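To start, the structure itself, in structure tokens.
The values are calculated or read from the model by the stated rules, or taken from the named source; none is laboratory data. Just so you know, these numbers come straight off a predicted model, no measurement behind them. Positions of Cβ are generated from backbone atoms using ideal geometry, with glycine treated the same way; all protein chains shown enter the neighbour counts. Remember, those area values only see protein heavy atoms, side chains included, never the ligands or the DNA or RNA. Shrake-Rupley method; radii C 1.70, N 1.55, O 1.52, S 1.80 Å.
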Amino acid sequence: MPQEYDHGAIEAKWQERWRRSGLYETPLEQAERPYYNLMMFPYPSAEGLHVGNMYAFSGADVHGRFQRMQGYDVFEPIGFDAFGIHSENFALKVDRHPTDLIASNIRNFRRQLERLGGQFAWSKTVETTDPAYYHWTQWLFLTLWKGGLAYRARRNVKWCPQDLTVLADEQVMADGTCERCGTPVVERELEQWFLRISAYTERLLAGLDQLDWSESTKLLQRHWIGRSVGSLLDFPIDGGEPLRVFTTRADTIFGATFMVLAPDHPRTLELTTPELRPAVAAYVAEATRRRIAGVREEEVATRGIYLGRSARHPLTGRNLPIYAAEYVLSGYGAGAIMAVPAHDSRDHAFAKAFDLPIVEVVSGGDGTGGHGGGALVNSGEFDGLAAPDPAREVVTAAIAERGLGRTHVTYKLRDWGISRQRYWGPPIPAIHCPVHGAVPVPEDQLPVLLPQIADFRPLGTGESPLARDPEFFNTTCPICGGAAQRETDVSDTFLDSSWYYLRYPSADRSDGAFDPGLTRKWLPVDTYIGGNEHAVLHLLYSRFVAMALHDLGWLDFEEPFTRFRAHGTIVQNGAKMSKSRGNVVVPDEYIDRFGADAFRLYLMYMGPFSEGGEFRATGINGPQRFLLQIFRLLARMEGEGQAEAEPRVLAQARHRCIQQVTTDTPELKFNTAIAAMMSFVKRLKEHQGPVPRPALETLALLLAPYCPHAAEEIWERLGNPYSVHQQPWPKADPAMLVRDQVAVVISINGKKRDQLMALPGTSPNELQELALGSPRIQQWLAGRRPSRVVVVPDRQVNLVVAGD
RNA sequence: GCCAGCAUGGCGGAAUGGCAGACGCGGCGGUCUCAAAAACCGUUGAGCGCAAGCUCGUGUGGGUUCGACUCCCACUGCUGGCACCA
């Protein structure tokens, strides 16, 4: 290591100094210009923080430090999202208790985060596994429950019959087998807790329009919510309730030639003739098996069975045969459809396979299921109406008049199931009383502590391992005092993370989830930076929880994150880092070798922060060399004694650099900001003569968000008072940004042929004269007159000449 | 299949209507050294030329424009999301 820049000593020195002075412990009560800079808290895995985490935290920290130098009181907390099935599975695998594992993982994460040099407010950290935290996660659940937003319902869960455990969706492999043992997964219906996020779909959708978020993230949320406007239509059944279907194309109803139910539609067997029931029941069982397996083969599109009965067309009275088929899903719309094979490709494929009639009712289609885009035909009184609009409204209205239909909006977003039949999570604070049913645990009895049971293996009954601990579950009913049992399921880890940002400012309070005064002062979050992999679940749940707490009187805002920016992904060998791929890069060795500052710089310099990039260890020496050069300049200046006044060219370069870094940093265009600083350093090195002090002073300030330790060191050696991070951001002087001379390109028919220097602001006429006067240009023109001259002031003169 | 985003030297990237390749990595040549590393200096899109310089060049094909990496149309490939959502 070159002696001019000993990154190890410098970084240790300043980290210690920051800790001692409490530089980053922003006083929350007194702050005058609060700025809440949030980043997604990590899951403390056993491998330690990887480069992807470092990338996200570095970028968020650069942003926070920049805001601090803009004069804000920045609050930049960090915490640990440590509950969940990953921890639990890992603990099972290595046969240790998750409590022990998590504690050491967190210690390791904390050590790594401290080395990175982030301005974290460590006194306000949270750990979701800490009873002092999940006390309030349980409170949140109770609050939502009391607000009518939590309910119990039976729903299917994925179940491994070999491991006897409930599986998360992502633990089911593509072929429908368990990821751990390869056994085919089945479904079991269990009574579970749900949060009524579906009550908020419209607000979740509308709110997006007002938010300053990455467009990609908003788009993902819109798709996930999946709003679709259509009609619910009732097709009468002789001797039974009408069959209800959902369609977005009510205008094509005259083209409906058959009906299709999802195999697991509740009325499938009822609508089957008695003699076909055995065959249909067998088909339904087979279809269910394939659905769990997630089979996506081609044949699924054409697999189905005739039920032997018909529905009556509400307008024509014709009989439409009813089928059950796998291409119709029970969980969406009405779980049943009217099939219009002439104008829907899936219906078309099915009609072909079962030799069902195809009737075109929109002109201009290709007859194979395309939508067409003309007028209605073969549609009785509606012929000639433009399709799809306004025809679908007119048709729906006509059917509504007969009492057989209405306009309906449907969504893909389902209610949020939060029950987990596992161990490693906060117990759901409910008590089941034989007399009173499910009763909330009284708030003064929170937290319901997760017992330290030694055997936390899944039980095999569809219940949580807590169900083997009578000491835990045996209790009394809070209402009647009779014998009762605690809920033994724990809650989803997304519930923990749905409100953690509310906790940070109040992390040390024990009298409530979040202090009203601090919350009013610090929230909503000013900037939230995180990965787009959480675009729909975490970010949507957090918005829902904030809206719900708002409606229940706990918050005075509805949207928790005013500004959200998605950062890119760091990949290695073209693949996202993950332990299963074996390509996790742990940053410690690079920080040892190059220092946290050079490492941060390398990560931020790779490309636009929103894009991520490929991690290549080669290349970190570039930023390190850059820092070394600055320290060499510093040593040179110190050796030369007090430098004289700053030469004009260097002052201009300095102000251009300030300008660039100042505009790029808040836009998270860190790569170009760093490039500007590198260019400036290059310029300084080329300069003969003493290094002007303002150059280094400015560099220390501009570098502070990016390389917080090196910037402190330079700042101190220049004789300035602690700390560089408390200085105001430098301002570019507009007068210094004006160039003395500009290079004007002269081109003929768009090709560069010469160049001249001119004063900025030279008039177009004058530039044209200068251009025409150039000997080189006259040579190219060879006597021809330009038919047109385009002058771009201060930049270019383009001469248009015929026949060149 | 649908919806986004992306495509520029050996590599990461810059420039979003006006000098393509800033800045960095790597390579090549040199300085220092017994030597090596580090560092420093020079050079580095391709082709032609002794040279001044010229020609070509931003995934492919068209278009708009005095002028296109940039805007429009079509296509190809990659990345991410959704995926029988009626």
Counting just the residues of the range A:758-804 that are open to solvent by 50 Å² or more (accessible area, probe 1.4 Å) and touching a Gly at 6+ places or on another chain (Cβ under 9 Å), which one comes out nearest to A:Val745 (Cα to Cα)? A:Asp794
Selection count where residues are in a strand (DSSP E or B) and in contact with a Lys or Arg (Cβ under 8 Å, 6 or more places away or on another chain), scope the range A:242-279: 2
Among the residues that make up the range A:107-127, is at least one of them in contact (Cβ under 8 Å) with a residue 24 or more places away in the chain and more than 30 Å from A:Pro666 (Cβ to Cβ)? yes
Selection count, the range A:673-685, where residues are surrounded by fewer than 17 Cβ atoms within 10 Å (Cβ to Cβ) and either under 12 Å from A:Pro647 (Cβ atoms) or touching a residue at least 12 places away in the same chain (Cβ under 8 Å) (or both): 3
So which strands (runs of 3 or more DSSP E) stay within the range A:451-561 end to end and still have 3 or more residues that are open to solvent by 40 Å² or more (accessible area, probe 1.4 Å)? A:483-486
Failed condition for A:Ala732, given (1) touching a Cys at 6+ places or on another chain (Cβ under 9 Å); (2) within 11 Å of RNA strand B (Cβ to nearest atom); (3) open to solvent by less than 60 Å² (accessible area, probe 1.4 Å), with all others met? (2)
Going through the range A:146-159 in order, the residues found to be touching a Phe, Trp or Tyr at 6+ places or on another chain (Cβ under 8 Å) and either surrounded by 15 or more Cβ atoms within 10 Å (Cβ to Cβ) or not in a strand (DSSP E or B) (or both) are A:Ala150, A:Arg152, A:Arg155
Would you be able to tell me the number of residues in the range A:204-225 that are closer than 19 Å to A:Tyr528 by Cβ and either touching a helix residue (DSSP H, G or I) at 6+ places or on another chain (Cβ under 8 Å) or touching a residue at least 40 places away in the same chain (Cβ under 8 Å) (or both)? 15
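Residue-wise test of (1) touching an Asp or Glu at 6+ places or on another chain (Cβ under 7 Å); (2) surrounded by fewer than 24 Cβ atoms within 10 Å (Cβ to Cβ).
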| residue | (1), (2) |
| --- | --- |
| A:Ala9 | no, yes |
| A:Tyr55 | no, no |
| A:Gly59 | no, yes |
| A:Gly64 | yes, no |
Would you mind telling me which numbered condition in (1) outside the structural domain of A:Val681 (by TED's automatic domain parsing); (2) of a type outside the set (Ser, Thr, Tyr); (3) not in a strand (DSSP E or B) A:Lys731 fails? (1)
Residue count for the range A:736-774, restricted to those that are within 13 Å of RNA strand B (Cβ to nearest atom) and of a type in the set (D, E, K, R): 5
Residue by residue through the range A:303-335, note down the ones that are more than 6 Å from RNA strand B (Cβ to nearest atom), open to solvent by 50 Å² or more (accessible area, probe 1.4 Å) and either out of contact with any strand residue (DSSP E or B) (no Cβ under 6 Å at 6 or more places or on another chain) or on the phi > 0 side of the Ramachandran plot (or both). A:Arg303, A:Thr316, A:Arg318, A:Ser330
How many residues are within 12 Å of RNA strand B (Cβ to nearest atom) and touching a helix residue (DSSP H, G or I) at 6+ places or on another chain (Cβ under 9 Å) if we restrict to the range A:775-791? 4
Going through A:Phe609, A:Phe631 one at a time, which residue ends up being more than 15 Å from A:Cys707 (Cβ to Cβ), within 13 Å of RNA strand B (Cβ to nearest atom) and open to solvent by less than 70 Å² (accessible area, probe 1.4 Å)? A:Phe609
